[in-house]
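The values are calculated or read from the model by the stated rules, or taken from the named source; none is laboratory data. Since we're looking at a predicted model, the values are computed, not measured. With ideal geometry, Cβ positions are generated from the backbone for all residues, glycine too; neighbour counts draw on all protein chains shown. What goes into the accessible areas is simple: the full protein's heavy atoms, side chains included, and nothing from ligands, DNA or RNA. Shrake-Rupley method; radii C 1.70, N 1.55, O 1.52, S 1.80 Å.
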Amino acid sequence: MVWRLENGRHQIEGREEVTIIVKMVDIRSAKLCSNGARGFFARHNLDWNKFLSEGLPEEVFIATGDDNALRVVEKARERHG
């Protein structure tokens, strides 16, 4: 989770909870391939097609504990600023 102001800047007090949605662009930004990502999704029983169409919350990736998944989450966070 990231706490940020309406204008997108991070804040500490009076915060709003924002869930980061991880998308395919984040996998590519982490320099990972789609074939490897598909295997990851299969191993963790995640819906590949839903991911491609909507993305998935960062918590889904974090819960796997996978190092590459955590890299992808970092890229998603960078994308969201």
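List of remarks:
- The lone criterion from (1) of a type outside the set (Asp, Glu); (2) open to solvent by 70 Å² or more (accessible area, probe 1.4 Å); (3) not in a helix (DSSP H, G or I) left unmet by residue 77 is number (3).
- Residue, surrounded by the most Cβ atoms within 10 Å (Cβ to Cβ), within segment 34-74, restricted to residues that are among the hydroxyl-bearing types (Ser, Thr, Tyr) and part of a helix (DSSP H, G or I): 34
- Condition met for residue 17 (open to solvent by 70 Å² or more (accessible area, probe 1.4 Å) and either at pLDDT 95 or above or in a loop (DSSP other than H, G, I, E, B) (or both)): no
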